[in-house]
Every structure is written in structure tokens, then in C-alpha cells.
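Accompanying notes for the structure given below.
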Amino acid sequence: MTAVSRESTSGRLRRVLGVGFGVAVIIGSTLGIGILRTPGLVAGALHAPSTTLIVWILGGLYTLLGSICLTELGTMAPEAGGYYVYARRAFGDVAGFAVGWTDWLTYCAVLGYASIGIAEFLGLLWPALAGATTWIAIAALVLFVALQWAGVRVSSRFQEITTALKFAAFLALVAAALLWSPHAGAAGGASLGPLTLAGVIGAVQSVVIAYGGWQSALYFTEEDRDPARNLPRAMIGGVLSVIVIYLLVNVALLAVLPIATLAHSTLPAADAAAVLAGDRGRQAITVLSLLSLPPLLNAIMMIGTRILYALGRDGFLSARLAAVNPRGTPEVATVVTTIVAIGLIATGTFQRLVAIASFFLAANYAICCLALFALRRREPNAPRPFRAWGYPWSAVIVLIGAFAFLIGALAGDTTNALAALALAALGVIIRKITPGVFLRET
């Protein structure tokens, strides 16, 4: 394949980002509705406060190992595109394009999910808006497109500020629970029953999924002023921050709710808030859920456009996708990503893609774990500003977990897994049969 040269594009990404943005994009992409819902599922599977906290710690440590392993790839190949870059370098063009294509589709689906989430929470706060969910979701998405158009400095600063506010809001929730708790959690601390292997596996899967988003900083290394220095700090610091807040939230919930109540709660944060402040507490959780979405939506929009930008720049898709305005925004990539996301919102097909996305995430993560081994073997002397701690054992643990999740996704939802494979194949076929129409323009 003859890639489109980087000099032939109409602009370049700007190196203006640093550690602060890296940490903010990881926390902003990870911390959100998941931690407000998942503790009930985990407690229901594990039955005891001590076991529940241990699994949250183990899930966090596994996530930290993954971030350490992929940080080596990120500093070795500091280019826009994230997973796509590593898969292509390790396994060639076909694998690289398949990973990039499916990764981009995943983020388009998450854009639809997050936009609908904003609309639904606004409808809960102001019932008069409840009948216009689709239009509000589209309007919210367009507002974030306008934010992207203002440039990478503006969107990155927005990410940092809104993530800081979200982090502070979660700390306020924890503080309120610990300070004004009726200590119901202590009264209900006895085990509800024996542990089962299926329960432990389900709990671990739920916890690791709740940590999803930790990889977000990998997509911006080309815009980082010093990725060799900043990416390890952002990845490790961001994941550690999420681990701490997740543990604090679980401790706070266990301090307010008896373990039996927590185990049967579908939204334990709201139930805990109701114990502390009645209906106002539930409303506060709705506001907190709403606050968690803008930094997520901003981060996902930025990530999705970087993937498409990289595919265009490297000649897999139209070179126009690599156009960057003077403020550092990939313009055409932003427009295309937005149009696809709006189409998913308007038709409701984002819901199917969200289900399919779990398979894409597991598959692409497993491929990147294999890429670490492949590149260590094939390019032993390549510059590696950061080397994975404890390699190869740390990478082996991560790879086993990645394949376990991939097998779980395939076995647990075979229909959507097969649909995911079909979408991946469709992308490869389109690239093969339309080289002169849409792809690889020069």
C-alpha cells in the first residue's frame, strides 16, 4: 500500500497537550454512570463487603497492568489512532485497518449512547423535555462539535475543567455518605451466602468493564508535547486516580446501605442518596449522572476523529479525512463522525452497536496485547522510552485476561459477536473493492 504522505495533508495536529489533559481524558472517559450502577451487581455476586472491595482492587490492578503494557506501545509509536497504530505496525495493513475501522465504529456508537444519556437525564430533571429525547441528543452532540471546531486548546481545556468538576462531585458524594451515614452498612455486613465461581467471574467482568476508558490517552500521543515523558505519567496517574475513587465510592455505599440492600440495588448510588436526603438525594444523583457525561462525550468525540484522521492520513480512507484546521481540529473527520453518530441516534441503531461494541473492545484489546509480544520479538532494538514493568509476566497476565474477555463476549452474546465480525469484514471488503472511489485518494 502507498500511504498518503503526511506532508500532503492540509494540516497537522498540534503538539499542545500535556499530562493534565492525559489524566483528564482518562478520568473523564472512565468515571461516570458505571460506578453509580455496578457496585450493586458486584455485591450481589460476592455477598460480602470484604470480598467486594477485594475484587474492585484486583480489577483496578489488572487495569493498571494493561495501562503499563500499552504505554510501552504508545511511547514506541506516538501517533494518532491508538489501537490501530499498534495493530498495523505489528500485523500489517489488513489487521490495522480492521482494528481502526471497528474502533471508530465503537466510538460512534458510544457517542450516540452518551448523547441519548444527556437527553434522558435532562428529561428526568425537566419532565417537559422528556418527549424530545432524540432531538435533544442530536442538539447536545452538535454543541460538542462546535466545541471541537473551536480547536484543540479549547476542547482540551474543557476536558480538564469538566473532569475536575466531576471528580469533585464524586468526592462530595463520598464525603456526604461517610459523614452523614446512618451506619446501616455495618449492621448488614454478614455474608449472604457462599461464593460461587460463576459469581466471582461475573463480578470481575463487571468491575473490569467499569474501568473501561483507561486507554483514552493513547489516542493523543501525536498531540502531546512530550509523549515519552507525559504518557506514562498520564496513564498510570489516571488509572490510579480512578482506582482510588472507585474504592471510596464502594466504601461509602457500604457505609450507608446494608450489604443485602446493596446486592439487590440496580442504582445503589441513588438508593444511598435517598437514605441520606430523601427525594432530593435521588435528584442529586441524577445531576451527578448528567455531570458525568459532558467530559465523556467530549473525549469520545476527540478520540473518534483521531482514529478517522489516522486512517485517512495513512491512505486507508479518503485523504480529506486528514485535513486539520489551523486550530488543530481534524475538520472532515469530525463532520463524518458526527453524521454517523447522528444517524445512529435518529434510527436507534446505536443501541445495537453498543452491544456489538463490547466484542470490538475485547477483540481490539487482545490484538494490541499480542502486538506488544510481536514487536518485542521483531523489533527488539526499536526505541522504547517506556518499557512495560515486569515483562513478560505482566503482559502474559494482561493477555490471558484479554482473551478471557474476548471468549466471554463471544460465548455470552454470540449473535452480536458474529455481527461484529461481519462489520469488520465489511470494512475490509469496502477497502478492497473501492480503492478509486472513496479510499486512498491522493
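For the condition of a type in the set (Ser, Thr, Tyr) and touching a residue at least 24 places away in the same chain (Cβ under 8 Å), THR337 qualifies. Checking each residue in segment 263-312 for being free of Cβ contacts under 8 Å to residues at least 60 places away in the same chain and basic (Lys, Arg) picks out ARG280, ARG282. In the condition set (1) closer than 21 Å to TRP214 by Cα; (2) at pLDDT 95 or above, GLU379 is compliant with all but (1). Only residues that are loosely packed, with under 13 Cβ neighbours inside 10 Å, assigned to a loop (DSSP other than H, G, I, E, B) and at pLDDT below 80 were counted in segment 169-188, giving 2.
Among the residues of segment 130-153, those that are part of a helix (DSSP H, G or I), buried (at least 16 other Cβ atoms within 10 Å of the Cβ) and not polar (S, T, N, Q) comprise ILE136, ALA137, ILE138, ALA140, LEU141, PHE144, VAL145, LEU147, VAL152. In segment 259-308, the residue that is nearest to the chain's Cα centre (by Cα) out of those that are charged (D, E, K, R) and farther than 19 Å from THR38 by Cα is ARG306.
Consider ALA164 carefully, then state whether it is under 28 Å from VAL256 (Cα atoms) and touching a residue at least 12 places away in the same chain (Cβ under 8 Å). Spelling it out, ALA164 is indeed under 28 Å from VAL256 (Cα atoms) and touching a residue at least 12 places away in the same chain (Cβ under 8 Å). The condition of being within 30 Å of ASP226 (Cα to Cα) and assigned to a helix (DSSP H, G or I) holds for only one of GLY81, GLY96, GLY44, that being GLY96.
Kindly establish whether PRO326 is at pLDDT 90 or above and touching a Leu at 6+ places or on another chain (Cβ under 9 Å). Against the criterion (at pLDDT 90 or above and touching a Leu at 6+ places or on another chain (Cβ under 9 Å)), PRO326 does not qualify. Screening ALA217, ALA228, ALA198 for residues that are among the small types (Gly, Ala, Ser), within 24 Å of LEU297 (Cα to Cα) and not in a loop (DSSP other than H, G, I, E, B) leaves exactly one candidate, ALA217.
When restricted to residues that are surrounded by fewer than 20 Cβ atoms within 10 Å (Cβ to Cβ) and more than 17 Å from PHE170 (Cβ to Cβ), segment 20-40 contains 1. The set of residues in segment 357-386 that are of a type in the set (D, E, K, R) and surrounded by 15 or more Cβ atoms within 10 Å (Cβ to Cβ) comprises ARG376, ARG384. Filtered by the rule that a residue be under 16 Å from the mean Cα position of the chain (by Cα) and buried (at least 23 other Cβ atoms within 10 Å of the Cβ), segment 222-244 gives ALA234, MET235, GLY238, VAL239, VAL242.
The values are calculated or read from the model by the stated rules, or taken from the named source; none is laboratory data. Predicted, not measured: the structure shown is a model, and the values here were computed from it. Heads up, the Cβs are rebuilt from the backbone with ideal geometry, glycines too, and the neighbour counts pull from every protein chain shown.
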